[in-house]
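The values are calculated or read from the model by the stated rules, or taken from the named source; none is laboratory data. Predicted model, so just to flag it, every value in this text is computed and none were measured. Note that we place each Cβ from the backbone using ideal geometry, even for glycine, and neighbour counts take in every protein chain shown.
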Amino acid sequence: MSKTDLKNLDGHIKVELVLPNIPEYISLARYSASVMANSANLNIDEIEDIRVALSEACANAIQYGCETCDYYEVVMELQEGELLITVTDHGQGYDYKQVKEPVIGEQVGGFGLYLIRSLMDNLEIDSNIGEGTTVKIHKLLRESNGTEKSTK
Amino acid sequence: MVEITNTDNISKIVGEVDIATAKAFENAIMELLETEDLIVLDMTDMEYIDSTGIGILMNLKKNILNDNQNVVLYRPKRSILKLFQLTGIDQIYKIEK
C-alpha cells in the first residue's frame, strides 16, 4: 500500500504490539513507530521525536510499571489529524502527580516524561495503584504550512 | 544495540544508547577515565540516546569527573543535539559540532 492510499482503512491505521518486560525489545517499538510516522509523511525530525517519546514511555513501563508484570502493550493509531501512541502496563501503578519537572542542568535523572512533553503535542497519564498505568502520546499531523492535515 | 570502541582517549559509539545498552556506555567511559584526563565521545555514528544515557552524562559531570578531567562530545547528530539542549547537557559539556 502506498503512503497515501488509506481508503480501505477509512484513514485509520492501527498497530498493536505486546512487548516483554525486556529493555532490548524497545527498539522493536521504535522501529514500528518509524514505519508508522513515515507512512504519515512526517519529516525526519518529527520521526526522531516520536521515536524518543515512545522509547521513554516504554522505558517507564519497564522501569516503574512492570515490576509485577511480564508484558506491556503499545498501540499506535494513525487517525485523522494525529498519531496517537498508547503504552499500557498492568503493573503496580504510581502517583504520577508526584512526578516533578526536572531542574535542567541540575538533576541527573527524571527526564523521561519531560522529554515526551517537550517533543509531543500532548501527553495524558492515567495510573491507578495496583492496576497499572496508561500513557497516551499525541502527535498532531501538520501540513508543511503549519495547518493540521488529515490522513485520508 | 550499541558497539563501543575505545582507542587512546576516544570512545567511538555506534548504534543506540538506551536502557538496554546504557551500562556498556557507562563502562566504556569509566574505562577511559582510568587512564585519561581528556576524553572524546565520538557520537558521529550514534543513532540514538535516551534519558538513561543522558542521565549517565549528567551524573558523570556532577558526581564523577574531577577538576582535571574533561569530556568532549564530538559531532552528535541533530536530533541528539536537540535532546542535549532540552536537558541542559549542552550547558555542561563542550560539544564539537
Has the stretch A:95-108 got at least one residue that is touching a residue at least 40 places away in the same chain (Cβ under 8 Å) and surrounded by 14 or more Cβ atoms within 10 Å (Cβ to Cβ)? no
All but one of (1) farther than 19 Å from B:ASN59 by Cβ; (2) modelled with pLDDT under 95; (3) crowded, with 20+ Cβ neighbours inside 10 Å hold for B:ASP42; which doesn't? (2)
Selection within the stretch A:71-124 - within 14 Å of another protein chain (Cβ to nearest Cβ), charged (D, E, K, R) and more than 19 Å from A:LEU42 (Cβ to Cβ): A:GLU101, A:GLU106
Please note which strands (runs of 3 or more DSSP E) are completely contained in chain B and include at least 1 residues that are in contact with a strand residue (DSSP E or B) (Cβ under 6 Å, 6 or more places away or on another chain) and within 14 Å of another protein chain (Cβ to nearest Cβ). B:2-7, B:10-17, B:46-49
Is it the case, given these coordinates, that A:VAL18 is surrounded by 14 or more Cβ atoms within 10 Å (Cβ to Cβ), modelled with pLDDT of 95 or more and away from chain B (no Cβ under 11 Å)? no
Taking the options B:ILE95, B:ILE39, B:ILE19, B:ILE56, name whichever one is more than 21 Å from A:ASP45 (Cα to Cα) and either touching a Leu at 6+ places or on another chain (Cβ under 8 Å) or of a type in the set (D, E, K, R) (or both). B:ILE39
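Can A:VAL52 be described as of a type outside the set (Gly, Ala, Ser), under 17 Å from the mean Cα position of the chain (by Cα) and over 21 Å from B:THR87 (Cα atoms)?
No.
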Does B:ASN6 meet the test of being surrounded by 14 or more Cβ atoms within 10 Å (Cβ to Cβ) and either over 30 Å from A:ALA61 (Cα atoms) or at pLDDT below 95 (or both)? yes
